[in-house]
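The values are calculated or read from the model by the stated rules, or taken from the named source; none is laboratory data. Here the structure is a predicted model, which means the values were calculated and not measured. No Cβ is skipped: glycine too gets one built from the backbone with ideal geometry, and neighbour counts run over all protein chains shown. We work out accessible area using only protein heavy atoms, side chains counted, and drop any ligands, DNA or RNA first. Shrake-Rupley method; radii C 1.70, N 1.55, O 1.52, S 1.80 Å.
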Amino acid sequence: MINIEAQRKWEIILINTDANKTKQLHNDVAPFAKSDTRISINQIINTILPLLLIWGAGYAVLPYSPWYTVLCSVIASGFVVRTFIIFHDCTHGSFFKSKRANDIVGNITGILTSFPYEKWKREHTLHHATSSNLDKRGIGDIDMLTVDEYLAKSKLGRLGYRVYRNPIVMFGLGPLYMVLVLNRFNRSGVRKKERLNTYFSNIMLLAVCAALILAFGWTAFLLVHGLTLLIAGSMGIWLFYIQHTYEDSYFEHNSKWDYVKAAVEGSSYYKLPKLLQWVTGNIGFHHVHHLAPRVPNYKLEDAHESIPPLQQATTITLKTSLESIRYKLYDPERHKFVTFKEAAKLEVTRNKVVLTKKYS
């Protein structure tokens, strides 16, 4: 049941100033923005230990049948996604109270999932600070054009964007590009600490991969680790995509951009079956996470259930989430995502208006 008094309080807050909204937000979410060391350690045990055991089983059963290995890799990919959520919490400093503990576990889980800790921490922080801001896209986001930006491009430019947004490319080739290229290099001008951490991550990954290849061979390595990371990467990109790309998602130019609206209206509640919710570390409560990144993954659901307006976030299910694959461009005038077909119709309409004005 939604508390009516609390609901009215939030309705007033949501039309007030940013300062008031932020203050109220801190007050309401503060009880959930605290890590629990016991729960965090339990998550490490029930996530990373099974992952290592399943990977080991994948190598062990290969002589009997490669299909057993493939099955192990599919199961392991779920645990890689869950391991990434632990990594993700560490980058926000929310998994442990201790910064040192977050850094250590974050680096270890980063190597297991192939993500450099410091690099991703900085870029993901920027994502949170600029999410749904049309004037501050580019870091930590899936590339997205507005209708006008797309129509202003050349035929070749449009083709490139269409290829990029193709599901086969985004969810198939995307994980390979992310693991082999995007996560391996820093942007120019970053701090020395970040560069050195990326070098450390790359060296450790190279050492682990070389050891596994020498011990088991290329075929086994690709079937176990390669396939696991490919599937997990596809799942990760899908989760990130669907939780910001749905028809009435919030995007606004910087002058009108609002942090609370970006969180509540620009991030979805991805309602998943309990097993998938566990595998994905509650990240389906993405609107809660964007409101308060310091809430650890195991308290996101409690925050959602306890703060009435959060229950009003856009809810997406497995079935309805598939519809979002169609949405390729954002239309700021109508405040919604549209398809390429809709953009083409809009272009024809605009051209007719221009011709009418020209010859009238």
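Just the residues that are touching a Gly at 6+ places or on another chain (Cβ under 7 Å), under 19 Å from TYR177 (Cα atoms) and crowded, with 19+ Cβ neighbours inside 10 Å, please, taken from the range 124-152. Within the range 124-152, no residue meets the criteria.
Scanning the range 294-331 for residues being over 20 Å from the mean Cα position of the chain (by Cα), at pLDDT 90 or above and not in a helix (DSSP H, G or I) gives a total of 1.
Here's the yes/no breakdown for (1) open to solvent by 50 Å² or more (accessible area, probe 1.4 Å); (2) touching a Ser or Thr at 6+ places or on another chain (Cβ under 7 Å); (3) free of Cβ contacts under 8 Å to residues at least 12 places away in the same chain; (4) of a type in the set (Ser, Thr, Tyr):
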residue	(1), (2), (3), (4)
LEU300	no, no, no, no
LEU322	yes, no, yes, no
LYS328	no, yes, no, no
THR339	no, no, no, yes
ALA343	no, no, no, no
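Could you tell me whether ARG334 is more than 27 Å from ASP148 (Cβ to Cβ), open to solvent by 30 Å² or more (accessible area, probe 1.4 Å) and not in a helix (DSSP H, G or I)? No. Every condition in (1) farther than 22 Å from TYR241 by Cβ; (2) open to solvent by less than 70 Å² (accessible area, probe 1.4 Å) is met by LEU310 except one, and the failing one is (1). Could you list, in sequence order, the residues of the range 97-121 that are open to solvent by 20 Å² or more (accessible area, probe 1.4 Å) and farther than 16 Å from PRO175 by Cα? Result: LYS97, SER98, LYS99, ARG100, ALA101, ASP103, ILE104, VAL105, ASN107, ILE108, LYS121. Does any residue of the range 346-360 turn out to be modelled with pLDDT of 90 or more, surrounded by 12 or more Cβ atoms within 10 Å (Cβ to Cβ) and either in a helix (DSSP H, G or I) or of a type in the set (Val, Ile, Thr) (or both)? No, there is no match, as no residue in the range 346-360 is modelled with pLDDT of 90 or more, surrounded by 12 or more Cβ atoms within 10 Å (Cβ to Cβ) and either in a helix (DSSP H, G or I) or of a type in the set (Val, Ile, Thr) (or both).
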